[in-house]
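**Student:** Quick one: the structure is below, and I'll ask about it shortly.
The values are calculated or read from the model by the stated rules, or taken from the named source; none is laboratory data. Note that this is a predicted model, so its numbers are computed, not measured. Here the Cβ positions follow ideal geometry from the backbone for every residue, glycine too, while neighbour counts run over all protein chains shown.
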Amino acid sequence: MIKTIEGLVITSTDYKENDVIIKVLLEDDRFKSLILKGAKKISSHKREVVMPYSLCELTFDDNPNSPVAYLKSAHLKETYFSTSDIFQNATLSLIAELAWRIEERDIVSFELVKICFSKAMTNPLLAVTFYIGRLLKSLGLSPMVDHCALCKRQEVIAIGIKEGGFLCQEHAGFGKILSIERLKKFRLINKCPLDKIDVLEDYGFDYFDFELEAEFFFYHYDLKLKAYDFFKSLFKQY
């Protein structure tokens, strides 16, 4: 069946002499690999959708039983890739790889990735930290941020990665003692719904906040990502 649908380009790979395969996350939350015949030719109208991290309108013969299809036509609607900001592109790469590598494909959200791609253009650290927080929630791995994860006391002063969230003074030795501001931001990033992401702009999320959220995620979800290693090395240089 011929289908026209929006999709986010996650990866782009050369295929044969003039062709390209793009992996896209479709607006119905499915992944699809599309073969772009002749896309590397200068005259090809498909060249504009070869760049990763783009929002496109795609037309192809959609066989739900096949993960691959030939692209018939495409229209670039928006690109999130930057020609000058390496931090922005590293953020997009990490979000894209997280979306693709999560084994529980049914939790991958086109709308979430799209919003975080867009946010990465203005606030990369908030975009990727928020994305990880939403992944944790979808996976049922959200940290306990309403009270101490070990005894349910309301007064908390630390975060325990292994223990699963906030810790009170009695159990703080198991975790990292943090300022009230840091604890508040950790709670917000893990509680904020998708449609309220702009509210978080006022709280100044930084690399420490990202690192804390990422540490929690990768401790509780075993996954190795090249984009994550690059992202960390990039930010530690500055």
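**Student:** For the range 89-134, enumerate the residues that are touching a residue at least 40 places away in the same chain (Cβ under 8 Å) and either outside the structural domain of Asp209 (by TED's automatic domain parsing) or among the aromatic types (Phe, Trp, Tyr) (or both).
**Tutor:** Trp100, Phe110, Phe117, Phe130
**Student:** May I ask you to verify whether Asp195 is free of Cβ contacts under 8 Å to residues at least 12 places away in the same chain, of a type in the set (Asp, Glu) and closer than 30 Å to Glu103 by Cβ?
**Tutor:** Working: free of Cβ contacts under 8 Å to residues at least 12 places away in the same chain: yes; of a type in the set (Asp, Glu): yes; closer than 30 Å to Glu103 by Cβ: yes.
The answer is yes for Asp195.
**Student:** Since Thr11 meets every condition but one in (1) at pLDDT 90 or above; (2) more than 16 Å from Val113 (Cβ to Cβ); (3) not hydrophobic (A, V, I, L, M, F, W, C), which condition does it not meet?
**Tutor:** All conditions are met except number (2).
**Student:** Is it true that some residue in the range 104-112 is surrounded by 15 or more Cβ atoms within 10 Å (Cβ to Cβ) and at pLDDT 95 or above?
**Tutor:** Our first condition is that a residue be surrounded by 15 or more Cβ atoms within 10 Å (Cβ to Cβ); within the range 104-112, this holds for 107-110, 112.
If we keep only those that are at pLDDT 95 or above as well, we get 110, 112.
Within the range 104-112, one or more residues are surrounded by 15 or more Cβ atoms within 10 Å (Cβ to Cβ) and at pLDDT 95 or above.
**Student:** Using the structure shown, decide if Leu55 is modelled with pLDDT of 95 or more, surrounded by 13 or more Cβ atoms within 10 Å (Cβ to Cβ) and under 25 Å from Gly165 (Cα atoms).
**Tutor:** Values: modelled with pLDDT of 95 or more: yes; surrounded by 13 or more Cβ atoms within 10 Å (Cβ to Cβ): yes; under 25 Å from Gly165 (Cα atoms): no.
Judged against the criteria, Leu55 is not a match.
**Student:** Out of Tyr228, Tyr219, report the one residue that is modelled with pLDDT of 95 or more, farther than 19 Å from Ser93 by Cβ and hydroxyl-bearing (Ser, Thr, Tyr). Before the answer, list the steps.
**Tutor:** Numbers: Tyr228 fails: farther than 19 Å from Ser93 by Cβ.
None of the other options fit; the residue is Tyr219.
**Student:** Right, here's the next one. Counting only residues that are touching a strand residue (DSSP E or B) at 6+ places or on another chain (Cβ under 7 Å) and under 18 Å from Leu188 (Cβ atoms), how many does the range 149-163 have?
**Tutor:** Residues of the range 149-163 that are touching a strand residue (DSSP E or B) at 6+ places or on another chain (Cβ under 7 Å), as a first pass: 149-150, 156-160.
Imposing the further condition that a residue be under 18 Å from Leu188 (Cβ atoms) reduces the set to 149, 156-159.
The qualifying residues number 5.
**Student:** Sticking with this one: Can we say Gly165 is more than 18 Å from the chain's Cα centre (by Cα) and not aliphatic (A, V, I, L, M)?
**Tutor:** So Gly165 fits the description; yes.
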